Amino acid sequence: MKSGQKILLLAALVPFLFVGGCSGDDGAAGPAGPSGADGADGTDGTDGTDGVDGTDGVDGNVTCMECHNTQTQRDITFQYARSQHGLGEFVDYAGGRSSCAKCHSGGGFVEYAETGDVNGNINTPEALNCKHCHSLHQTFERTDYALRSMDPVPFIFDETQTADFASNSNLCAVCHQSRRAEPELTNPGEDTFEITSTHWGPHHGAQSNVLAGVGFAEIDGTRPYPTSSTHLDEGATCVTCHMGEFVDGAGGHTWWPSVASCVECHEGATDFNVEGVQVEMQANLDELRDLLVAAGVVEFVEEDDAFEPVVGVYPKAHARAFFNWVGLSEDRSLGVHNPKYVRALLENSIEAMEAPLP
């Protein structure tokens, strides 16, 4: 028989082998086995408590890529190139000097933010860039921008007071504040005050003082000083106004304020001169400047193309008025940062300059 036929025959016989096999004589019956004992009933188990569903974790890579992607990094680079920080103005002049480097050079800013001081001149100052304002992430949450500091910032004019604009905006206050106290704080009770330098005053960027409504010369006068800040009361801070959505060359990392940020509260605004505040404040600044010039406190310096103080001794009221004029001029918001506070400072300073001397 061929092998193929043998395989088929065996396949056909397999079912019969398992059913009963071939027929033959019946075998003898075996002895019956003993009966098994009934098993004991088992004890019912206690129902388990249902577990609480865990919260789904955030994909770490997805969170990182919200900022660390080619498109976002490119956009920030383009925006930063339009900013004053990117310009690096005065880095060569002031960035290397230990007293100025904390704000005029990137390395000095980091040293000051980390240690509270700049311990010596900097031989290779550089303009601020990403690595100076941003450090290492701490929590890796979406709101963790790895800023160098978000803690409240002590005011230089009075370290018992702090600038606390809520998280991100506090970093701005490290530099954007007055470097000096007004004359009544440094020379209380005296009738005169000596201006010793053509650079005397709050310095070039006291925006945090204006926004918070502190640190300027609150001369007694007709206009009362507000007890709170108009914009801070409404949650408007450095970041909300200066780092809104990038539109028409403003916002984002340009830090140029955008009108688009204003319309969220000032419906229909087309510029920053809301309710004519900037026109009003510019007129007050010009009037106060002219009074200071007439009193000999200020003069126009052609080589600098700027009005500067004249070194000398003056009635304290005049020195305080100058402090307000130069500080509010260099705030550059023309009252927008804190309209009620700026209006009171300027109007009362004008009254002080017009009042007869004792």
If the viscosity is 0.692 mPa s and the temperature 37 °C, what Stokes-Einstein diffusion coefficient in µm²/s follows for segment 121-221 when Rh is the Kirkwood radius over Cα pairs?
206 µm²/s
Quick one: length gained pulling residue 164 to residue 220 fully straight, 0.36 nm per residue minus the C-alpha distance?
17.5 nm
Got a sec? How would 93, 341, 314, 225 order by Cβ neighbour count within 10 Å, fewest to most?
93, 225, 314, 341
Ranked by Cβ crowding within 10 angstrom, fewest neighbours first, how are 98, 105, 178 ordered?
98, 178, 105
Segment residue 136-residue 82, length gained on full extension (0.36 nm per residue, minus Cα span):
16.9 nm
Ranked 139, 192, criterion: other C-beta atoms within 10 Å, fewest first
139, 192
How many nm separate the modelled label positions at residue 351 and residue 290, each set 7 Å beyond the Cα in the direction of the Cβ?
2.1 nm
Just to be sure I follow: if Rg is taken over the C-alpha atoms of segment 62-148 and Rh is the Kirkwood radius over the same atoms, what is Rg/Rh?
1.04
As an exercise, find the ratio Rg/Rh for segment 176-358 from alpha-carbon atoms, using the Kirkwood inverse-distance average for Rh.
0.99
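FYI, it's all coordinate maths here, none of it is from the lab. Owing to the predicted nature of the structure, the values given are computational and were not obtained by experimental measurement. Quick reminder, even Gly has a Cβ in these numbers, built from the backbone with ideal geometry, and neighbours come from all protein chains shown.
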